[in-house]
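Okay, so here's the structure we're looking at.
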Amino acid sequence: MTTSPTNDTDDAGFLGRLRAVTREQAAVLREVSLAVDADPGRLPGLLGTELPWQRFAGLPAAYNPDPLRVDGHPVHLDRCIEQVVVWEELARADAGIALGLPGPAMSGFVLTELGDAEQLDRYYRRLAEGPVWTFFGMTEPAHGSDPAGMTTTLTPDGPAHDGGGSGLVLNGTKRFVGNGARAGIGVVFARRRTGPLGVVAVLLDTGRPGFSGVPLDTIGLRALQLGELRMRRVPVAEEDVLGRHRSATRQGMWAATRTFNRYRPVVACLALGVAQAAYDYVALHRRDVLARRDGAFGEFGEFAGRLAGVRAMVLASACAADRDPSDGTLASAAKLGATRLAEDITTAAARAFGPGARWEHPLLDKWVRDARAFEFMEGTSNIQRLGLAQGYLHGRLSDDLAA
Ligand SMILES: Cc1cc2nc3c(=O)[nH]c(=O)nc-3n(C[C@H](O)[C@H](O)[C@H](O)COP(=O)(O)OP(=O)(O)OC[C@H]3O[C@@H](n4cnc5c(N)ncnc54)[C@H](O)[C@@H]3O)c2cc1C
């Protein structure tokens, strides 16, 4: 039996208990925060007893022997509203480690949209062998995340291979891919034909010949270990192409857009978690700063209200994503607000401790670096502003807020 709230009031109570349970269990992430930031390669060795990744992975019931439990009942985190509550608390402990845990993450959303029964079982069975990381390969070195310029190709390769399906090969490079170098399976986007409908999503095991993943050295969210994926004549079967029986309008980019719309509230909640962590740190070590309303520290008077406002926006955007993942308007607003707040609070927190703060308080330094990463993750603020403006002009924002 899973917890299944029956109305908004039940849901609010349930989400509050879910938050409390997660907060308690997430505390272990903070204990290894700085060690993993210094060396992201340490993360895999900490999984299991030290970091109970399966509870937070969001694996379906049939594939998860150790789900999160609230009031004794399993919670499988299959709603965006549950995800933003849990992931904010994880990020409050450590956003980089939360993102660096094994599990479906963004590629799981694509599987939900496009996977057939065999593909879903193949994917989740592999994850259940765990710990197994996944990847979502969209961004490219020369064209960023703009699908119009995508140069990774999926082309025929003559005769069938592996005794089944028609032979295809993947060629191309993806960059800035979360967990890319340590992933065991994931989804890569590639161009099969010219034009906007020519992009398809491919389910790919990283053990295939011609595939390699290389970690990149980064400044923020280091535990996520961004990587570059290199694909040189990687063999692919028709059975690996997600949504292949659907019309071209319901394949790669359609699923990517819905995935972005669903994942953006999660990115927003992660930024919010980092903002809250920095605020908590000031509250713990410089309570006097929170009480002051003058000069350099005046902004702290507004932060508690801004945190509550952004949290309400994130929750509303998650409800909107659960209702209709084709509309990302509120999600763009939430990500904009959360990213700006994370940057404002983390930099103000570092200032509050005076010269040398980032050296003497390594967590503050880490949060400044982590907060900046959210600006780029899942689309920059300018792109979110464009999405928000389009949604507003089409009257979608008022629909969301009314619901
Ligand atoms: C922590 C992190 C994790 C990531 N994880 C993944 C992942 O797992 N998989 C993956 O594929 N990618 C991933 N990325 C890459 C990320 O999704 C892209 O970098 C991001 O979407 C920005 O896209 P871009 O690089 O194409 O930049 P662009 O969108 O081209 O932006 C470049 C600059 O131009 C500006 N700009 C662009 N268009 C406009 C416009 N129309 N009007 C005004 N200004 C504009 C932007 O604001 C920005 O300043 C990750 C990045 C980070 C930082």
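The values are calculated or read from the model by the stated rules, or taken from the named source; none is laboratory data. The structure displayed is predicted, hence computed values, not measured ones. Glycine gets a Cβ as well: all are built from the backbone with ideal geometry, and neighbour counts include every protein chain shown. All accessible areas refer to the heavy atoms of the entire protein, side chains included, with ligands and DNA or RNA removed. Shrake-Rupley method; radii C 1.70, N 1.55, O 1.52, S 1.80 Å.
With unit charges on the beta carbon (Lys/Arg positive, Asp/Glu negative), name the residue among M150, T206, V169 whose Cα is farthest towards the positive pole of the charge dipole of the stretch 122-258. Positive-most Cα among the choices belongs to M150. Protein heavy-atom accessible surface, 1.4 Å probe, per residue over the stretch 1-115: 40 Å². A probe of 1.4 angstrom, applied to the heavy atoms of all protein chains, finds V267 with accessible area near 0 square angstrom.
Working from label points 7 Å from Cα in the Cα-to-Cβ sense, the A312 to R385 distance is 2.5 nm. Using only Cα atoms, tell me the angle between helix 80-100 and the longest principal axis of the chain; keep it within 0 to 90° and round to the nearest 10. Helix 80-100 and the main axis of the chain meet at about 80 degrees. Solvent-accessible area per residue in the stretch 252-402 equals 43 Å², computed with a 1.4 angstrom probe and all protein chains kept.
Only protein atoms count toward the accessible area here, which uses a 1.4 Å probe; on the stretch 132-247, the carbon and sulfur part of that area reaches 55 percent. Hey, if you put +1 on the Cβ of every Lys and Arg and -1 on every Asp and Glu Cβ in the stretch 252-402, which of P325, A271, Y392 ends up farthest toward the positive end of that dipole? Value: A271. A convex hull fitted around the alpha carbon atoms of the stretch 167-304 yields 151 Å³ per residue.
Shown in residue order for the stretch 186-196 are the 3J(HN,Hα) couplings computed by the Karplus curve 6.51 cos²θ - 1.76 cosθ + 1.60 at θ = phi - 60°: x, 10, 10, 9, 8, 8, 9, 9, 6, x, x Hz (x for Gly and Pro). Restricting the trypsin sites (Lys or Arg not before Pro) of the stretch 275-362 to loop positions (DSSP other than H, G, I, E, B) with no more than 11 neighbouring Cβ atoms within 10 Å leaves R293.
Tell me, what does the Kirkwood hydrodynamic radius of the stretch 8-106 come to in angstroms if you use every pair of distinct C-alpha atoms? All intermediate terms of the calculation are to be shown ahead of the outcome.
Working: mean 1/r = 0.0725 Å⁻¹.
That comes to 13.8 Å for the stretch 8-106.
Normalized C-alpha radius of gyration of the chain, against 2.2 N^0.38 Å?
Against the compact-globule rule of thumb, the ratio is 0.98.
Taken about its Cα centre, the stretch 1-160 carries a charge dipole of about 320 debye when Lys and Arg each add +1 at the Cβ and Asp and Glu each add -1 at the Cβ. Projected onto planes of every orientation and averaged, the convex hull of the alpha-carbon atoms in the stretch 252-402 covers 9.6 nm². The smallest convex shape that holds all Cα atoms of the stretch 252-304, its convex hull, gives 82 Å³ per residue.
Across L29, L68, L216, mean-square fluctuation computed from a Gaussian network of the chain (C-alpha pairs under 10 Å connected) peaks at L216.
Solvent-accessible surface of protein heavy atoms, probed at 1.4 angstrom with all chains present, puts E113, E24, E299 in the order E24, E299, E113, largest first. Relative contact order, whole percent, for the stretch 252-402 stands at 32, derived from Cα pairs under 8 Å and 6 or more residues apart.
The Rg/Rh ratio of the stretch 132-247, with Rg taken over Cα atoms and Rh as the Kirkwood radius over Cα pairs, comes to 0.97. Remark on V70: its backbone amide H falls under 5 Å from those of V75, a criterion applied only to residues 5 or more positions apart or on other chains, H modelled at 1.01 Å from N. Could you state how much accessible area D205 has, in square angstrom rounded to the nearest 10, with a 1.4 Å probe and all protein chains kept in place? It works out to around 50 Å².
Gain on full extension, evaluated as 0.36 nm per residue between T257 and D280 minus their Cα-Cα distance, stands at 4.8 nm.
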